[in-house]
Number of protein chains: 2
Amino acid sequence: MSMSENIRPLRRNAIRQQNETLILQAAEKVFAEAGFGGATMQLIADVAGLPKANLHYYFATKEELYRCVVENIFEIWLQAAASFDNASGPVEGIGAYIDAKMEISRRHADGSKVWASEVMHGAPVIQDYLENTLREWTTGRAALIQNWIDDGKMKPVDPEHLLYMLWATTQHYADFGHQIETLNGGRPLSDTQWRAAKENVKAIILRGIGALRD
Amino acid sequence: MSMSENIRPLRRNAIRQQNETLILQAAEKVFAEAGFGGATMQLIADVAGLPKANLHYYFATKEELYRCVVENIFEIWLQAAASFDNASGPVEGIGAYIDAKMEISRRHADGSKVWASEVMHGAPVIQDYLENTLREWTTGRAALIQNWIDDGKMKPVDPEHLLYMLWATTQHYADFGHQIETLNGGRPLSDTQWRAAKENVKAIILRGIGALRD
DNA sequence: TCGCATCCTGACCATATGGTCAATTCAAAG
DNA sequence: CTTTGAATTGACCATATGGTCAGGATGCGA
(Lines give C-alpha, C1' and ligand atoms only; values in the text may rest on other atoms or scores of the structure.)
Protein backbone atom coordinates (compact mmCIF):
# COMPACT_ATOMS: atom_id res chain seq x y z
CA MET A 1 0.00 0.00 0.00
CA SER A 2 1.40 3.34 -1.01
CA MET A 3 2.08 6.11 1.40
CA SER A 4 0.02 8.49 -0.70
CA GLU A 5 -3.44 7.54 0.46
CA ASN A 6 -6.36 9.68 -0.50
CA ILE A 7 -7.01 10.17 3.16
CA ARG A 8 -3.61 10.49 4.65
CA PRO A 9 -3.37 9.93 8.37
CA LEU A 10 -3.32 13.27 10.08
CA ARG A 11 -1.35 13.96 13.19
CA ARG A 12 -3.47 13.86 16.29
CA ASN A 13 -2.89 17.54 16.70
CA ALA A 14 -3.86 18.23 13.13
CA ILE A 15 -7.11 16.31 13.46
CA ARG A 16 -8.25 18.53 16.27
CA GLN A 17 -7.26 21.67 14.41
CA GLN A 18 -8.92 20.57 11.20
CA ASN A 19 -12.20 19.60 12.81
CA GLU A 20 -12.36 22.72 14.89
CA THR A 21 -12.00 24.99 11.89
CA LEU A 22 -14.43 22.80 9.96
CA ILE A 23 -17.01 23.22 12.69
CA LEU A 24 -16.30 26.92 13.12
CA GLN A 25 -16.80 27.57 9.42
CA ALA A 26 -20.07 25.66 9.39
CA ALA A 27 -21.18 27.42 12.56
CA GLU A 28 -20.38 30.86 11.16
CA LYS A 29 -22.49 30.15 8.11
CA VAL A 30 -25.44 28.74 10.03
CA PHE A 31 -25.38 31.42 12.72
CA ALA A 32 -25.28 34.07 9.98
CA GLU A 33 -28.24 32.55 8.17
CA ALA A 34 -30.44 31.70 11.13
CA GLY A 35 -29.21 33.76 14.05
CA PHE A 36 -28.18 32.27 17.36
CA GLY A 37 -31.67 31.25 18.36
CA GLY A 38 -32.60 29.84 14.98
CA ALA A 39 -29.41 27.88 14.49
CA THR A 40 -29.39 24.25 15.59
CA MET A 41 -26.44 22.10 16.49
CA GLN A 42 -27.86 19.45 14.19
CA LEU A 43 -27.80 21.78 11.19
CA ILE A 44 -24.30 22.96 11.96
CA ALA A 45 -23.24 19.33 12.20
CA ASP A 46 -24.84 18.54 8.85
CA VAL A 47 -23.12 21.49 7.17
CA ALA A 48 -19.82 20.43 8.70
CA GLY A 49 -20.46 16.85 7.66
CA LEU A 50 -20.01 15.47 11.16
CA PRO A 51 -22.33 13.75 13.62
CA LYS A 52 -23.83 16.08 16.13
CA ALA A 53 -22.21 14.37 19.09
CA ASN A 54 -18.86 15.17 17.54
CA LEU A 55 -19.56 18.91 17.79
CA HIS A 56 -20.05 18.54 21.51
CA TYR A 57 -16.75 16.74 21.75
CA TYR A 58 -14.95 19.85 20.50
CA PHE A 59 -17.31 22.52 21.79
CA ALA A 60 -19.12 21.71 25.01
CA THR A 61 -22.14 23.94 24.42
CA LYS A 62 -23.82 25.95 21.69
CA GLU A 63 -22.92 29.11 23.57
CA GLU A 64 -19.24 28.20 23.60
CA LEU A 65 -19.24 27.50 19.88
CA TYR A 66 -21.01 30.77 19.23
CA ARG A 67 -18.56 32.66 21.38
CA CYS A 68 -15.65 31.26 19.39
CA VAL A 69 -17.26 32.34 16.15
CA VAL A 70 -17.82 35.86 17.42
CA GLU A 71 -14.29 36.15 18.77
CA ASN A 72 -12.86 35.02 15.45
CA ILE A 73 -14.75 37.79 13.74
CA PHE A 74 -13.53 40.35 16.18
CA GLU A 75 -9.96 39.33 15.32
CA ILE A 76 -10.58 39.99 11.65
CA TRP A 77 -12.15 43.30 12.55
CA LEU A 78 -9.09 44.34 14.55
CA GLN A 79 -6.85 43.39 11.68
CA ALA A 80 -8.65 45.84 9.41
CA ALA A 81 -8.58 48.44 12.14
CA ALA A 82 -4.80 48.45 11.96
CA SER A 83 -4.91 49.89 8.45
CA PHE A 84 -5.98 53.14 10.01
CA ASP A 85 -2.61 53.71 11.59
CA ASN A 86 0.66 54.76 10.02
CA ALA A 87 -1.25 57.15 7.83
CA SER A 88 -0.12 60.71 7.36
CA GLY A 89 -3.61 62.03 6.72
CA PRO A 90 -7.27 61.25 6.23
CA VAL A 91 -7.09 60.41 2.54
CA GLU A 92 -4.54 57.74 3.19
CA GLY A 93 -5.80 56.50 6.56
CA ILE A 94 -9.54 56.56 6.04
CA GLY A 95 -9.11 55.46 2.45
CA ALA A 96 -7.17 52.38 3.53
CA TYR A 97 -9.67 51.67 6.28
CA ILE A 98 -12.59 51.80 3.88
CA ASP A 99 -10.73 49.54 1.47
CA ALA A 100 -10.02 47.03 4.23
CA LYS A 101 -13.52 47.04 5.63
CA MET A 102 -15.12 46.73 2.21
CA GLU A 103 -12.89 43.76 1.54
CA ILE A 104 -14.04 42.18 4.79
CA SER A 105 -17.65 42.80 3.88
CA ARG A 106 -17.02 40.92 0.67
CA ARG A 107 -14.86 38.07 1.94
CA HIS A 108 -16.35 37.55 5.37
CA ALA A 109 -19.98 38.46 4.89
CA ASP A 110 -21.14 35.69 7.22
CA GLY A 111 -18.86 36.86 9.97
CA SER A 112 -20.11 40.41 9.58
CA LYS A 113 -23.68 39.23 9.90
CA VAL A 114 -22.95 37.27 13.05
CA TRP A 115 -21.28 40.32 14.52
CA ALA A 116 -24.17 42.56 13.56
CA SER A 117 -26.66 40.13 15.01
CA GLU A 118 -24.70 39.88 18.22
CA VAL A 119 -24.59 43.64 18.66
CA MET A 120 -28.22 44.09 17.66
CA HIS A 121 -29.30 41.71 20.37
CA GLY A 122 -27.43 43.64 23.02
CA ALA A 123 -24.02 41.99 22.74
CA PRO A 124 -24.75 39.25 25.31
CA VAL A 125 -21.37 37.58 24.84
CA ILE A 126 -19.01 40.34 23.68
CA GLN A 127 -20.06 43.22 25.87
CA ASP A 128 -16.61 43.24 27.48
CA TYR A 129 -14.98 43.60 24.05
CA LEU A 130 -17.15 46.60 23.33
CA GLU A 131 -16.35 48.20 26.65
CA ASN A 132 -12.62 47.61 26.49
CA THR A 133 -10.94 46.83 23.18
CA LEU A 134 -13.44 48.61 20.97
CA ARG A 135 -13.75 51.61 23.20
CA GLU A 136 -9.98 52.08 23.40
CA TRP A 137 -9.60 51.71 19.67
CA THR A 138 -12.39 54.19 19.08
CA THR A 139 -11.10 56.90 21.38
CA GLY A 140 -7.61 56.45 19.95
CA ARG A 141 -8.78 56.81 16.40
CA ALA A 142 -11.03 59.71 17.31
CA ALA A 143 -8.03 61.49 18.75
CA LEU A 144 -6.10 60.82 15.56
CA ILE A 145 -8.90 62.27 13.48
CA GLN A 146 -9.03 65.29 15.77
CA ASN A 147 -5.33 65.82 15.10
CA TRP A 148 -5.98 65.82 11.39
CA ILE A 149 -8.70 68.38 11.93
CA ASP A 150 -6.42 70.55 14.04
CA ASP A 151 -3.77 70.29 11.34
CA GLY A 152 -6.27 71.54 8.78
CA LYS A 153 -6.16 68.30 6.84
CA MET A 154 -9.91 67.97 6.95
CA LYS A 155 -13.00 69.91 7.98
CA PRO A 156 -14.16 69.82 11.58
CA VAL A 157 -16.54 66.93 11.94
CA ASP A 158 -17.40 64.86 14.98
CA PRO A 159 -14.77 62.09 14.92
CA GLU A 160 -16.95 59.51 16.65
CA HIS A 161 -19.85 60.00 14.31
CA LEU A 162 -17.48 59.83 11.38
CA LEU A 163 -16.32 56.45 12.63
CA TYR A 164 -19.91 55.29 12.96
CA MET A 165 -20.44 56.36 9.38
CA LEU A 166 -17.45 54.35 8.21
CA TRP A 167 -18.65 51.26 10.05
CA ALA A 168 -22.20 51.66 8.83
CA THR A 169 -21.38 52.26 5.21
CA THR A 170 -18.91 49.45 4.81
CA GLN A 171 -20.73 46.85 6.87
CA HIS A 172 -23.93 47.55 5.01
CA TYR A 173 -22.55 45.73 1.98
CA ALA A 174 -22.23 42.56 4.06
CA ASP A 175 -25.20 42.76 6.41
CA PHE A 176 -27.66 43.92 3.75
CA GLY A 177 -25.97 42.02 0.97
CA HIS A 178 -29.15 40.14 0.24
CA GLN A 179 -31.08 43.37 -0.26
CA ILE A 180 -28.38 44.79 -2.51
CA GLU A 181 -28.26 41.55 -4.46
CA THR A 182 -32.02 41.60 -4.91
CA LEU A 183 -31.93 45.19 -6.17
CA ASN A 184 -29.10 44.16 -8.48
CA GLY A 185 -31.40 41.77 -10.31
CA GLY A 186 -30.79 38.87 -7.97
CA ARG A 187 -27.12 38.62 -8.81
CA PRO A 188 -24.19 39.31 -6.49
CA LEU A 189 -22.14 42.40 -7.21
CA SER A 190 -19.48 41.83 -9.84
CA ASP A 191 -15.83 42.75 -9.39
CA THR A 192 -16.50 45.98 -11.24
CA GLN A 193 -19.50 46.79 -9.08
CA TRP A 194 -17.56 46.13 -5.91
CA ARG A 195 -14.82 48.46 -7.09
CA ALA A 196 -17.42 51.08 -7.97
CA ALA A 197 -19.01 50.72 -4.53
CA LYS A 198 -15.68 51.12 -2.83
CA GLU A 199 -14.66 54.15 -4.86
CA ASN A 200 -18.05 55.71 -4.39
CA VAL A 201 -17.92 55.37 -0.62
CA LYS A 202 -14.40 56.75 -0.48
CA ALA A 203 -15.19 59.64 -2.79
CA ILE A 204 -18.28 60.80 -0.93
CA ILE A 205 -16.83 60.48 2.54
CA LEU A 206 -13.42 61.94 1.77
CA ARG A 207 -14.98 64.82 -0.08
CA GLY A 208 -17.59 65.11 2.63
CA ILE A 209 -14.98 65.67 5.29
CA GLY A 210 -13.08 68.09 3.09
CA ALA A 211 -10.04 65.88 2.67
CA LEU A 212 -10.22 65.98 -1.10
CA ARG A 213 -9.78 69.32 -2.84
CA ASP A 214 -11.75 69.53 -6.04
CA MET B 1 -73.04 51.34 40.31
CA SER B 2 -71.87 54.26 38.25
CA MET B 3 -71.41 54.17 34.52
CA SER B 4 -67.85 55.41 34.86
CA GLU B 5 -66.09 52.19 35.78
CA ASN B 6 -62.35 52.08 35.93
CA ILE B 7 -62.39 49.46 33.26
CA ARG B 8 -65.05 50.64 30.94
CA PRO B 9 -66.52 47.97 28.72
CA LEU B 10 -64.91 48.20 25.34
CA ARG B 11 -66.82 47.59 22.19
CA ARG B 12 -66.19 44.17 20.79
CA ASN B 13 -64.44 45.71 17.86
CA ALA B 14 -62.24 47.81 20.06
CA ILE B 15 -61.16 44.81 22.12
CA ARG B 16 -59.82 43.08 19.06
CA GLN B 17 -58.00 46.18 17.90
CA GLN B 18 -56.53 46.89 21.31
CA ASN B 19 -55.26 43.37 21.87
CA GLU B 20 -53.82 43.09 18.41
CA THR B 21 -51.74 46.23 18.81
CA LEU B 22 -50.76 45.16 22.31
CA ILE B 23 -49.48 41.85 20.97
CA LEU B 24 -47.80 43.47 17.99
CA GLN B 25 -45.91 45.90 20.20
CA ALA B 26 -44.74 43.12 22.49
CA ALA B 27 -43.78 40.97 19.51
CA GLU B 28 -41.78 43.78 17.91
CA LYS B 29 -39.79 44.21 21.07
CA VAL B 30 -39.15 40.51 21.63
CA PHE B 31 -38.32 39.81 17.98
CA ALA B 32 -35.89 42.73 18.03
CA GLU B 33 -34.17 41.51 21.16
CA ALA B 34 -34.03 37.80 20.44
CA GLY B 35 -34.49 37.40 16.69
CA PHE B 36 -37.17 35.25 15.15
CA GLY B 37 -35.63 31.98 16.24
CA GLY B 38 -34.83 33.13 19.73
CA ALA B 39 -38.20 34.69 20.41
CA THR B 40 -40.82 32.54 22.09
CA MET B 41 -44.56 32.95 22.05
CA GLN B 42 -44.51 32.56 25.81
CA LEU B 43 -42.18 35.53 26.25
CA ILE B 44 -44.19 37.67 23.86
CA ALA B 45 -47.29 36.75 25.82
CA ASP B 46 -45.64 37.69 29.10
CA VAL B 47 -44.51 41.04 27.72
CA ALA B 48 -47.99 41.68 26.39
CA GLY B 49 -49.49 40.59 29.70
CA LEU B 50 -51.73 37.98 28.12
CA PRO B 51 -51.89 34.20 28.34
CA LYS B 52 -50.12 32.46 25.52
CA ALA B 53 -53.25 30.81 24.21
CA ASN B 54 -54.67 34.27 23.68
CA LEU B 55 -51.91 35.13 21.23
CA HIS B 56 -52.89 32.18 19.11
CA TYR B 57 -56.46 33.38 19.15
CA TYR B 58 -55.43 36.55 17.35
CA PHE B 59 -52.43 35.26 15.40
CA ALA B 60 -52.61 31.64 14.33
CA THR B 61 -48.86 31.02 14.15
CA LYS B 62 -45.59 32.60 15.15
CA GLU B 63 -44.81 33.15 11.47
CA GLU B 64 -48.04 35.07 10.95
CA LEU B 65 -47.34 37.30 13.92
CA TYR B 66 -43.81 37.92 12.70
CA ARG B 67 -45.04 38.74 9.24
CA CYS B 68 -47.41 41.36 10.64
CA VAL B 69 -44.59 42.96 12.59
CA VAL B 70 -42.36 43.13 9.54
CA GLU B 71 -45.11 44.55 7.36
CA ASN B 72 -45.82 47.23 9.93
CA ILE B 73 -42.22 48.30 9.80
CA PHE B 74 -42.23 48.42 6.06
CA GLU B 75 -45.15 50.83 6.24
CA ILE B 76 -43.18 53.18 8.46
CA TRP B 77 -40.25 52.88 6.10
CA LEU B 78 -42.41 53.85 3.13
CA GLN B 79 -43.73 56.83 5.03
CA ALA B 80 -40.20 58.19 5.44
CA ALA B 81 -39.45 57.42 1.84
CA ALA B 82 -42.08 59.93 0.80
CA SER B 83 -40.02 62.76 2.24
CA PHE B 84 -37.69 62.33 -0.69
CA ASP B 85 -40.21 63.63 -3.15
CA ASN B 86 -41.43 67.13 -3.79
CA ALA B 87 -37.89 68.36 -3.35
CA SER B 88 -36.33 70.77 -5.75
CA GLY B 89 -32.81 69.52 -5.16
CA PRO B 90 -30.52 67.23 -3.19
CA VAL B 91 -30.07 69.49 -0.20
CA GLU B 92 -33.77 69.63 0.38
CA GLY B 93 -34.68 66.07 -0.67
CA ILE B 94 -31.80 64.09 0.76
CA GLY B 95 -31.71 66.32 3.80
CA ALA B 96 -35.35 65.64 4.55
CA TYR B 97 -34.86 61.94 3.94
CA ILE B 98 -31.94 61.76 6.36
CA ASP B 99 -33.97 63.65 8.94
CA ALA B 100 -36.88 61.28 8.54
CA LYS B 101 -34.79 58.13 8.66
CA MET B 102 -32.82 59.30 11.67
CA GLU B 103 -36.07 59.98 13.42
CA ILE B 104 -37.24 56.47 12.64
CA SER B 105 -33.98 55.05 13.96
CA ARG B 106 -34.64 56.86 17.18
CA ARG B 107 -38.36 56.26 17.57
CA HIS B 108 -38.67 52.82 16.07
CA ALA B 109 -35.36 51.20 16.90
CA ASP B 110 -36.98 47.84 17.53
CA GLY B 111 -38.71 47.88 14.20
CA SER B 112 -35.47 48.74 12.45
CA LYS B 113 -33.76 45.81 14.12
CA VAL B 114 -36.46 43.39 13.09
CA TRP B 115 -36.20 44.64 9.54
CA ALA B 116 -32.41 44.35 9.56
CA SER B 117 -32.61 40.86 10.98
CA GLU B 118 -35.13 39.84 8.39
CA VAL B 119 -32.98 41.08 5.51
CA MET B 120 -29.79 39.64 7.00
CA HIS B 121 -31.37 36.22 7.11
CA GLY B 122 -32.26 36.37 3.45
CA ALA B 123 -35.66 38.07 3.69
CA PRO B 124 -37.63 34.82 4.05
CA VAL B 125 -40.96 36.59 4.44
CA ILE B 126 -40.59 39.94 2.64
CA GLN B 127 -38.67 38.93 -0.45
CA ASP B 128 -41.59 40.04 -2.59
CA TYR B 129 -41.52 43.51 -1.02
CA LEU B 130 -37.84 43.80 -1.89
CA GLU B 131 -38.43 42.68 -5.44
CA ASN B 132 -41.41 44.90 -6.07
CA THR B 133 -42.10 47.89 -3.83
CA LEU B 134 -38.53 48.51 -2.77
CA ARG B 135 -37.10 47.97 -6.23
CA GLU B 136 -39.56 50.39 -7.80
CA TRP B 137 -38.93 52.99 -5.15
CA THR B 138 -35.19 52.62 -5.58
CA THR B 139 -35.12 52.93 -9.33
CA GLY B 140 -37.48 55.90 -9.16
CA ARG B 141 -35.32 57.70 -6.62
CA ALA B 142 -32.15 56.81 -8.51
CA ALA B 143 -33.63 58.44 -11.59
CA LEU B 144 -34.49 61.52 -9.55
CA ILE B 145 -30.91 61.74 -8.30
CA GLN B 146 -29.63 61.29 -11.82
CA ASN B 147 -31.73 64.28 -12.86
CA TRP B 148 -30.15 66.38 -10.15
CA ILE B 149 -26.74 65.30 -11.42
CA ASP B 150 -27.66 66.17 -14.98
CA ASP B 151 -28.91 69.55 -13.80
CA GLY B 152 -25.55 70.19 -12.15
CA LYS B 153 -27.08 70.28 -8.68
CA MET B 154 -24.63 67.71 -7.39
CA LYS B 155 -21.52 65.83 -8.46
CA PRO B 156 -21.82 62.64 -10.48
CA VAL B 157 -22.06 59.77 -8.05
CA ASP B 158 -23.66 56.38 -8.47
CA PRO B 159 -27.27 57.01 -7.35
CA GLU B 160 -27.87 53.45 -6.13
CA HIS B 161 -24.76 53.40 -3.99
CA LEU B 162 -25.68 56.78 -2.62
CA LEU B 163 -29.02 55.36 -1.54
CA TYR B 164 -27.28 52.42 0.11
CA MET B 165 -25.15 54.91 1.96
CA LEU B 166 -28.18 56.78 3.20
CA TRP B 167 -29.83 53.59 4.39
CA ALA B 168 -26.67 52.33 6.02
CA THR B 169 -25.76 55.51 7.83
CA THR B 170 -29.18 56.24 9.22
CA GLN B 171 -30.15 52.69 10.14
CA HIS B 172 -26.86 52.19 11.91
CA TYR B 173 -28.07 54.40 14.74
CA ALA B 174 -30.91 51.96 15.38
CA ASP B 175 -29.39 48.59 14.56
CA PHE B 176 -26.09 49.28 16.32
CA GLY B 177 -27.64 51.46 18.96
CA HIS B 178 -26.33 49.23 21.69
CA GLN B 179 -22.77 49.61 20.46
CA ILE B 180 -23.12 53.36 20.19
CA GLU B 181 -24.64 53.49 23.63
CA THR B 182 -21.79 51.46 25.06
CA LEU B 183 -19.22 53.76 23.47
CA ASN B 184 -21.20 56.68 24.86
CA GLY B 185 -20.49 55.53 28.39
CA GLY B 186 -23.46 53.21 28.59
CA ARG B 187 -25.99 55.98 28.18
CA PRO B 188 -28.36 56.54 25.29
CA LEU B 189 -27.67 59.52 23.07
CA SER B 190 -29.12 62.74 24.41
CA ASP B 191 -31.29 65.08 22.39
CA THR B 192 -28.22 67.17 21.66
CA GLN B 193 -26.22 64.17 20.57
CA TRP B 194 -28.99 62.99 18.29
CA ARG B 195 -29.12 66.41 16.68
CA ALA B 196 -25.35 66.39 16.31
CA ALA B 197 -25.48 62.96 14.71
CA LYS B 198 -28.14 64.05 12.29
CA GLU B 199 -26.36 67.25 11.32
CA ASN B 200 -23.07 65.40 10.98
CA VAL B 201 -24.53 62.82 8.63
CA LYS B 202 -26.22 65.47 6.53
CA ALA B 203 -23.14 67.66 6.39
CA ILE B 204 -20.76 64.92 5.29
CA ILE B 205 -23.06 63.38 2.73
CA LEU B 206 -24.36 66.61 1.23
CA ARG B 207 -20.85 68.01 1.01
CA GLY B 208 -19.62 64.64 -0.23
CA ILE B 209 -21.94 64.73 -3.20
CA GLY B 210 -21.12 68.35 -3.89
CA ALA B 211 -24.56 69.67 -3.04
CA LEU B 212 -23.22 72.16 -0.51
CA ARG B 213 -20.96 74.92 -1.70
CA ASP B 214 -18.40 75.86 0.89
C1' DT C 1 2.52 -6.08 19.20
C1' DC C 2 0.65 -3.77 23.22
C1' DG C 3 -1.31 -0.12 25.87
C1' DC C 4 -3.25 4.18 26.21
C1' DA C 5 -5.10 8.49 25.28
C1' DT C 6 -7.60 10.71 21.91
C1' DC C 7 -11.33 10.62 18.81
C1' DC C 8 -15.86 9.12 17.20
C1' DT C 9 -20.87 8.24 17.36
C1' DG C 10 -25.56 5.96 17.79
C1' DA C 11 -28.83 5.90 21.16
C1' DC C 12 -30.87 8.16 24.70
C1' DC C 13 -32.89 11.86 27.99
C1' DA C 14 -34.98 16.06 29.99
C1' DT C 15 -36.78 20.10 28.67
C1' DA C 16 -38.75 23.80 26.01
C1' DT C 17 -41.66 25.20 22.52
C1' DG C 18 -45.35 25.89 19.02
C1' DG C 19 -49.72 24.81 18.76
C1' DT C 20 -54.55 22.67 20.11
C1' DC C 21 -58.88 22.34 22.48
C1' DA C 22 -62.74 22.08 25.34
C1' DA C 23 -64.76 24.54 28.85
C1' DT C 24 -65.89 29.12 30.58
C1' DT C 25 -66.75 34.08 30.65
C1' DC C 26 -68.57 38.05 28.68
C1' DA C 27 -70.68 41.69 25.80
C1' DA C 28 -74.68 43.18 23.78
C1' DA C 29 -78.57 42.39 20.53
C1' DG C 30 -83.51 40.93 20.68
C1' DC D 1 -83.82 37.69 30.87
C1' DT D 2 -82.25 34.96 27.08
C1' DT D 3 -79.55 33.96 23.36
C1' DT D 4 -75.64 34.08 20.46
C1' DG D 5 -71.20 34.52 19.03
C1' DA D 6 -66.88 36.46 20.26
C1' DA D 7 -63.16 36.39 23.77
C1' DT D 8 -60.49 33.92 27.29
C1' DT D 9 -57.55 30.44 29.22
C1' DG D 10 -55.67 26.30 31.83
C1' DA D 11 -54.44 21.93 30.56
C1' DC D 12 -52.60 19.19 27.30
C1' DC D 13 -49.82 17.15 23.18
C1' DA D 14 -46.33 16.13 19.63
C1' DT D 15 -42.09 17.47 18.32
C1' DA D 16 -37.55 19.49 18.22
C1' DT D 17 -33.50 20.56 20.50
C1' DG D 18 -29.37 20.89 23.52
C1' DG D 19 -26.86 17.93 25.78
C1' DT D 20 -25.14 13.15 27.77
C1' DC D 21 -22.94 8.74 27.76
C1' DA D 22 -21.18 4.29 27.16
C1' DG D 23 -18.83 1.72 24.15
C1' DG D 24 -16.17 1.27 20.02
C1' DA D 25 -12.53 2.84 16.63
C1' DT D 26 -8.10 4.89 15.76
C1' DG D 27 -3.44 6.88 15.93
C1' DC D 28 0.86 6.45 18.03
C1' DG D 29 4.60 5.94 21.26
C1' DA D 30 7.08 2.23 23.62
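The values are calculated or read from the model by the stated rules, or taken from the named source; none is laboratory data. In this text the structure is predicted, and so the values were computed from the model without any measurement. Quick reminder, even Gly has a Cβ in these numbers, built from the backbone with ideal geometry, and neighbours come from all protein chains shown. Ligands, DNA and RNA are stripped out before the accessible areas are found, and what is left, the full protein with its side chains, is counted by its heavy atoms. Shrake-Rupley method; radii C 1.70, N 1.55, O 1.52, S 1.80 Å.
Let me check something: with ligands and nucleic acids excluded, how do A:141, B:187 order by accessible area (1.4 Å probe), largest to smallest?
B:187, A:141
Whole number please: convex hull volume per residue of the Cα set in region B:34-87, in Å³?
Per-residue hull volume (Cα only) is 98 Å³.
What are the label-to-label distances in nm, one decimal and shortest first, from residue B:21 to the same spot in the other copies, with labels 7 Å along Cα to Cβ?
When each copy's label point is compared with this one, the spacings are 5.6 nm.
Counting pairwise Cα distances across chain B, what percent come out greater than 26 angstrom? Provide the component values of the computation, followed by the final result.
Working: 10670 of 22791 pairs.
Percent of Cα pairs beyond 26 Å in chain B: 47.
Using a label point 7 angstrom from Cα along Cα-to-C-beta, what distances in nm, from shortest up, separate residue B:150 from the other copies?
4.9
Rank A:19, A:86, A:72 by mean-square fluctuation in a GNM of chain A with C-alpha springs under 10 angstrom and give only the top-ranked residue.
A:86
So, in nm, how far is label residue A:190 from label residue B:125 when the simple model puts each one 7 Å beyond its Cα toward the Cβ?
So the label points at residue A:190 and residue B:125 sit 3.7 nm apart.
Counting Lys and Arg as +1 and Asp and Glu as -1, each charge on the Cβ, what is the dipole of chain B about the Cα centre in debye, to the nearest 20?
Working: 22 positive and 27 negative charges, 103 e Å.
In debye, rounded to 20, chain B gives about 500.
Would you calculate the volume per residue, in Å³, of the smallest convex hull containing every Cα atom of the protein assembly as shown?
Value for the protein assembly as shown: 203 Å³ per residue.
Taking the Cα atoms only, what angle lies between the long axis of helix A:109-120 and the longest principal axis of chain A, rounded to 10 degrees?
Roughly 80 degrees between the two axes.
Can you tell me the orientation of helix B:135-150 relative to chain B, as the angle in degrees between its alpha-carbon axis and the longest Cα principal axis, to the nearest 10?
Around 20 degrees separate the two axes.
For A:30-37, what's the mean count of beta carbons from other chains sitting within 10 Å of each residue's beta carbon?
Counting Cβ atoms of other protein chains within 10 Å of each residue's Cβ and averaging gives 4.
How high is the relative contact order of chain B, given as a whole-number percent (alpha carbon pairs under 8 Å, six or more residues apart)?
Numbers: 163 pairs, mean separation 44.2, N = 214.
Relative CO of chain B lands at 21 percent.
Grab the beta carbon distance between residue B:132 and residue A:146, set R0 = 30 Å, and tell me the FRET efficiency rounded to 0.05.
0.05
State, to one decimal in nm and shortest first, how far the label point of residue A:184 sits from each corresponding label point in the other identical copies (label point: 7 angstrom along Cα-to-Cβ).
3.3
For chain A, set up a Gaussian network in which alpha carbons nearer than 10 Å are linked by springs, and say which option among A:157, A:30, A:70 fluctuates the most.
In the Gaussian network model the winner is A:157.
With +1 on each Lys and Arg Cβ and -1 on each Asp and Glu Cβ, how big is the dipole of the protein assembly as shown about its Cα centre, in debye rounded to the nearest 20?
Charge dipole, the protein assembly as shown, about its Cα centre: 160 debye, nearest 20.
Under 19 Å from a point 7 Å along the Cα-to-Cβ line of residue A:181: which residues of region A:101-121 have their amide N that close?
Only A:102-117 fall inside the zone, counting backbone N under 19 Å.
Going by Cα centres, region B:55-92 and region A:136-198 are how many Å apart?
When both Cα centres are located, 26 Å separates them.
Against the longest alpha carbon principal axis of chain A, how many degrees, from 0 to 90 and to the nearest 10, is the axis of helix A:90-107 turned?
Taking the Cα atoms of chain A, the angle to A:90-107 is about 30 degrees.
Positive end of the dipole of chain A, charges at C-beta (+1 Lys, Arg; -1 Asp, Glu), about the Cα centre: which of A:203, A:88, A:108 has its Cα farthest in that direction?
Positive-most Cα among the choices belongs to A:108.
Show me, for region A:67-72, the HN-Hα J-couplings you get by feeding each phi into the Karplus relation (A = 6.51, B = -1.76, C = 1.60, θ = phi - 60°), rounded to Hz, glycine and proline as x.
Couplings: 4, 4, 4, 5, 5, 4 Hz.
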